[in-house]
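A short write-up of the structure that comes next.
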Amino acid sequence: MSPRSRRRGVALCLALSVLLAACSTPAASPSSAPPITPAPPPTTEPSPSPAAAFPVTLTDNEGTTVELSAEPQVIVSLTPANTEILFELGAGDRVVATDDGTDYPDAAVALPDVATFSSVDVEQVVNLEPDLVLAGGLGFTPADAITQLRSLDIPVLVLYAPTVEGVYKDIELIGTATGTSEAAVALTSSMRAEIDAISDAVAASGTPPRVFYEIGYDATTGAIFAPAADSFVAEMVTLAGGDTITTGDPDTYEIALEKLIEQDPEVIVLGVNPFYEPTPEEVAARPGWKVMTAVANDDIRTVRDTEITRPAPRLPLGLRNLATTIRPDVTLPAAP
């Protein structure tokens, strides 16, 4: 599998809430979107965030108990979302390595890469002598790498939030793990307030349009990829003021053209990034698509999807951009 195809897998995982492992910037050729079979969402919530104190015992998103004897000083982050959270909480100066999908903030981009979507350089991680590794759940970080690191007595927290509420809990969990609980609670309170304000504004502004958020499209086969039912992306579209069109199945991300036509989206939103850049003109020219209301009315819009699909501190920005794209008629509350 080529690097771009692997990155497309990341994009889909991330853009799709049940996976999204802490998603990275989506990447792939514009016409390629391989189907994926996600793992079920985690059943164990992270442990509550007590006041910063060590030693501390935490429970990660997979239900694993992790003990930290002292505040971590050498941290390895294996997902872009976890990296963003660490830097936002003021722990960025303790991060010594990340993954090759990390693109924000700038200070993190220069750090050495010890992981890709498909692999972790365990030897390199071990040589850094970390006292905390933050990994991605639902397959984002390979399970065998997590097992190897733990077998060497390296504390590994596995994180992936399948819901917006889960993002808040993971941020506070990371805050507890890094001794930055106060900053974490302040951050989640700010995020929650802004997201709620945006959602309330669009909810009070009339009937939501039927929205199809395109995750991927294969021009060769005609395969269309949409948010799964109850997924992270579906929740974001709903919060942004859309009546979300999903595949109807929590474990399926491919939707048949016939079903999409039956749902008849009034707005089509294309989540774009440097590696996936479909244009409204290309969508309108796809075989069979012109019968849909969104295509007939030229209501095909683009939005940068990184902040929308990555469960990290910039989620309010992503929601604001998405709400503006779906409901340009609504005046949103000013950003804090």
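Among 221, 176, 247, rank each residue by its count of other Cβ atoms within 10 Å, from fewest to most, as a rough exposure measure.
221, 247, 176
Which ordering of 104, 213 is given by a fewest-first count of other beta-carbon atoms within 10 Å?
Going from least to most buried by this count: 104, 213.
Full-extension gain between residue 249 and residue 109, please, as 0.36 nm times their residue separation minus the C-alpha to C-alpha distance.
Gain in length upon complete extension: 46.8 nm.
Under a crude label model (7 Å from the Cα following the beta-carbon direction), how far is residue 230 from residue 131 in nanometres?
Rounded to a tenth, the inter-label distance reads 4.0 nm.
Suppose every Lys and Arg Cβ carries +1 and every Asp and Glu Cβ carries -1, with no other charges. What dipole size does the range 56-197 come out with about its Cα centre, to the nearest 20 debye?
Around 220 debye, computed over the range 56-197.
Mind listing the phi-derived Karplus ³J(HN,Hα) values for the range 139-146, rounded to whole Hz, using 6.51, -1.76 and 1.60 with θ = phi - 60°, and x for any glycine or proline?
3J(HN,Hα) across the range 139-146, in whole Hz: x, 5, 9, x, 4, 5, 5, 4.
Measure off 7 Å from each Cα along the Cα-to-Cβ vector at residue 65 and residue 190, then give the distance between these two points in nanometres to one decimal.
3.5
Could you tell me the calculated FRET efficiency between residue 293 and residue 219, based on Cβ-Cβ distance and R0 = 30 angstrom, to the nearest 0.05?
Step by step, r from the Cβ atoms, then E = 0.85.
Taking a quarter of the surface of the Cα convex hull of the range 56-197, what do you get in nm²?
7.8
What is the gain in length, in nm to one decimal, between residue 285 and residue 256 on full extension, counting 0.36 nm per residue of separation less the C-alpha to C-alpha distance?
Once the chain is fully extended between residue 285 and residue 256, it gains 8.7 nm.
Read the figures in this text as sums done on the coordinates, not as results from a lab. In this text the structure is predicted, and so the values were computed from the model without any measurement. Cβ coordinates were reconstructed from backbone atoms using ideal geometry, including for glycine residues, and neighbour counts include every protein chain displayed.
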